[in-house]
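Chemist: Mind looking over this structure? Questions follow.
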Amino acid sequence: MLKRIFYSLCSLLSLLFIAVCLFAYFLMREGFTARSNPPALEKWIATTALSLSIPKTVKETKNPIPFSQEVLKEARDHFADHCALCHGNNGSGETPIGKNLYPKPRDLRSREVQKKSDGEIYYIIHNGIRWTGMPAWGEKDQDEDSWKLVHFIRHLPYLTKEEEKEMEKMNPISPHELQEEKEEEKFLEEDHSLGNSSEEEQQNAIKMESK
């Protein structure tokens, strides 16, 4: 019996050692760049660790916020303002920031995400995920906004083009876009002042001629 336990332990340690060596190999080959995609082993370890970290009671929790069109619209606007920068309005993750994170954001419309329970999705939104770009949202206690976002994430596979267009109005303006707006406003102000100056010069010229 002890020999069997010893051999099983040795086998487990050997597998762990091989896994660590493979991980180290991929890490040395790819480096610490955020441009690459996680290898399958790293992805499996991360997703398994995340699943195990969520308490069973939370996984079994149903969304306490009743669904309504008003709740869906509120969550949609919230998502556009807070989440779309990385996830995109449609949840694909195909944004300049999302595509360059490590690991990349999941496609929230995918079966892999949609099969998660309400409690799991809420837990990830509310508490974030360590060593990723996913922050924790809301207060320490349960927050209604995160539960409302669960409803919107469930709706993402059915999002219409009209809804995406509406969401664009709620998207935050990037510093680059803000700078462009300021430069455009400055240019228009200068152009307007030059126009006023030329009008004044013309009027003065007319007055001089009349004299």
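Chemist: If you stretched the chain out fully between M170 and K115, how much longer would it get, using 0.36 nm times the residue separation minus the C-alpha to C-alpha distance? If you can, show how the numbers build up before the last one.
Modeler: Values: separation 55, 0.36 × 55 = 19.80 nm, distance 2.81 nm.
Result: 17.0 nm gained on full extension.
Chemist: Okay, moving on. Full extension from L13 to L159: what is 0.36 nm times the residue separation minus their Cα-Cα distance, to one decimal in nm? Before the final figure, lay out the partial values.
Modeler: On the way: separation 146, 0.36 × 146 = 52.56 nm, distance 4.74 nm.
Extra length from L13 to L159 when fully extended: 47.8 nm.
Chemist: If you don't mind, there's one more thing I want to ask. Just list whichever of K62/K116; K73/K169; K59/K115; K99/K161; K56/K115; K104/K161 have alpha carbons separated by over 18 Å in the model shown. Display every interim value, and only then the final one.
Modeler: Details: K62/K116 11 Å; K73/K169 13 Å; K59/K115 12 Å; K99/K161 22 Å; K56/K115 16 Å; K104/K161 24 Å.
Pairs exceeding the cut-off: K99/K161; K104/K161.
Chemist: Could you give the distance between the Cα centres of region 43-92 and region 95-113, to the whole Å?
Modeler: 13 Å
Chemist: Same structure, new question: So, with +1 on the Cβ of K and R and -1 on the Cβ of D and E, and no other charges, what is the size of the charge dipole of region 7-157 about its Cα centre, to the nearest 20 debye? Numbers along the way, then the final one.
Modeler: Working: 19 positive and 17 negative charges, 120 e Å.
In debye, rounded to 20, region 7-157 gives about 580.
Chemist: While we're on this one: Among 97-105, 148-156, 81-89, how do they line up from the highest to the lowest mean number of other beta-carbon atoms within 10 Å?
Modeler: Details: 97-105: 16.2, 148-156: 21.9, 81-89: 19.4.
Top of the packing list down: 148-156, 81-89, 97-105.
Chemist: Put +1 on the Cβ of every Lys and Arg and -1 on every Asp and Glu Cβ in region 38-168; which of S110, W147, M167 then has its Cα farthest towards the positive end of the dipole?
Modeler: Farthest along the dipole direction, towards plus: S110.
Chemist: Could you tell me, in Å, what Rg and Dmax come out for the Cα atoms of region 38-168?
Modeler: My reading of the Cα-based Rg and Dmax gives 14.3, 42 Å.
Chemist: Right, next: Rounded to the nearest 20 debye, what is the charge dipole size of region 99-179 about its Cα centre when +1 sits on each Lys and Arg Cβ and -1 on each Asp and Glu Cβ? Write down the numbers at each step before the final one.
Modeler: Working: 14 positive and 15 negative charges, 101 e Å.
Rounded to the nearest 20 debye, it is 480 debye.
Chemist: Could I get the Rg over Rh figure for region 85-159? Both from C-alpha atoms, Rh via Kirkwood, rounded to two places. Walk me through the numbers on the way to the answer.
Modeler: Details: Rg = 12.0 Å, Rh = 12.7 Å.
My calculation puts Rg/Rh at 0.94.
Chemist: Can I ask one more? In Å and from the alpha-carbon atoms only, list the Rg and Dmax of region 34-111.
Modeler: 15.3, 42
Chemist: Once phi is turned into θ = phi - 60°, what whole-Hz ³J(HN,Hα) does the Karplus curve with 6.51, -1.76 and 1.60 give for every residue of region 179-186, x standing for Gly and Pro?
Modeler: Karplus values, whole Hz, x for Gly and Pro: 5, 4, 5, 5, 5, 5, 4, 5.
Throughout, read-outs are computed from the coordinates displayed, never taken from laboratory work. No experiment lies behind these values; they were computed from the predicted model shown. A quick note on method: Cβ atoms are made from the backbone with ideal geometry, for glycine too, and the neighbour counts reach across all protein chains shown.
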